[in-house]
């Protein structure tokens, strides 16, 4: 699989990353069809297959239900083999999202994530935006807290999982990485991607298939034509589909 640098961090990863939402949560989803959570053995086999296929970046979040626990339980012994990304600011409890960007809440969230993931530090930590990016960045403790968490070594690199071009652009002032939605049906972030790449900031693309509404064969080659894209976070529970996504990211793909 093609690899790209993750901005100026010194890290690189395959252009197809694994989004671990579906191994942990199936409530209040944005996908067109529902799904059952895999059982523990299926989750173990899937996560190890992800690494065996050569996918070496895994993205999760506290808001993804039991995703972090499962990654820690089944991949802690392989921690050196992959780049690990999680978030703070959103939790999912009793069927709804709860957002808290206070210093105490963010710090506690990260420490809980590290315990669940069975690691001393995550490689990337993103602010999990509620949609009001500028308010979070300008009027809460989030940025200052994240900078402190990076200084403490609990997160090697930090950034914003943005909802708006304005928020993504503002985060370039302090972030090592930005996570944003980008696909053939939504190209609003293209100028920000170019600015981030010029500044040496890694670009993680979330929802590259528009939450299952665009075929991988249409989305993945489109996204990889943009040199500013560092990695594409694709979820899923089907190993064959993951293998097909990797093939689409091959420089020899005819798609």
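A short reminder: the numbers here are calculations on the coordinates, not readings from a lab. Just so it is clear, the structure is predicted and the values come from calculations on it, not from any experiment. Every residue, glycine as well, gets a Cβ built from its backbone with ideal geometry; the counts of neighbours run over all protein chains shown.
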(request) Could you line up 1, 189, 179 from fewest to most neighbouring Cβ atoms inside 10 Å? (result) 1, 189, 179
(message) If N is the number of residues in the range 70-205, what value comes out of its Cα radius of gyration divided by 2.2 N^0.38 Å?
(response) 1.04
(message) Based on the alpha carbons, how large is the Rg to Rh ratio for the range 147-255 when Rh follows Kirkwood?
(response) 1.00
(request) Give me the distance between the Cα centres of the range 40-86 and the range 201-242, rounded to whole Å. (result) 18
(message) Whole percent per 10 Å bin, from 0 to the bin with the longest distance: what is P(r) over all C-alpha pairs of the range 27-139?
(response) 13, 42, 34, 11, 0
(message) Can you give me the convex hull volume of the Cα atoms of the chain, divided per residue and expressed in Å³?
(response) 114
